[in-house]
1. For residues in the stretch 85-121 being assigned to a helix (DSSP H, G or I) and of a type in the set (A, V, I, L, M, F, W, C), which is least open to solvent (accessible area, probe 1.4 Å)?
2. Within the stretch 17-61, can you find the residues that are open to solvent by 30 Å² or more (accessible area, probe 1.4 Å), in contact (Cβ under 8 Å) with a residue 12 or more places away in the chain, part of a loop (DSSP other than H, G, I, E, B) and farther than 21 Å from Val99 by Cα?
3. Can you pull out the residues in the stretch 101-117 that are of a type outside the set (Val, Ile, Thr), under 22 Å from Gly23 (Cβ atoms) and in contact (Cβ under 8 Å) with a residue 40 or more places away in the chain?
4. Might you check whether a residue that is open to solvent by 40 Å² or more (accessible area, probe 1.4 Å) and outside any helix (DSSP H, G or I) occurs anywhere in the stretch 6-16?
5. Any residue in the stretch 72-81 that is part of a helix (DSSP H, G or I), more than 18 Å from Leu7 (Cα to Cα) and open to solvent by less than 30 Å² (accessible area, probe 1.4 Å)?
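The values are calculated or read from the model by the stated rules, or taken from the named source; none is laboratory data. Predicted model only: the values in this text are computed from it and were never measured. Note that each Cβ is placed from the backbone with ideal geometry, even for glycine, and that neighbours are counted across all protein chains shown. Surface accessibility is based on the protein's heavy atoms, side chains included, excluding ligands, DNA and RNA. Shrake-Rupley method; radii C 1.70, N 1.55, O 1.52, S 1.80 Å.
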Amino acid sequence: MEHSEDLAATARFFDRAIGELAGLSRAGKVRLLDFGCGAGELVGHLLALGYDAHGCDIVLASDAPGIAAAPQRFNQIAQAPYRLPYDDASFDVVLSTSVLEHARNPEEYLVEIRRVLAPGG
């Protein structure tokens, strides 16, 4: 399976999980953050499914496919002070794939993820 097909399958998995576990419908324009989005490809797939999807990462490649397609949906995270560049309670869902095991500052990123999640998110 190609990388893009893998990401499309991952997006469909998250779509089912968001609907079944969180009880949220993308028809209601679920606002979603991909924490550690890399090249932004998963964000692109989630946008195609109807989510109000955004991404952030410590390093963003300016020529990355997802970011080049929708640069206004991506933000770079500064390493110090560590703070997500979003308002409090601004996302219904925050997801992350293959990122948390590499992050060295869980005491900071967990606080920030909780801060940007809306109540009940």
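1. Among those that are assigned to a helix (DSSP H, G or I) and of a type in the set (A, V, I, L, M, F, W, C), it is Val116.
2. Selection gives Ala22, Leu24, Lys29, Leu49.
3. The answer is none; no residue qualifies.
4. no
5. no
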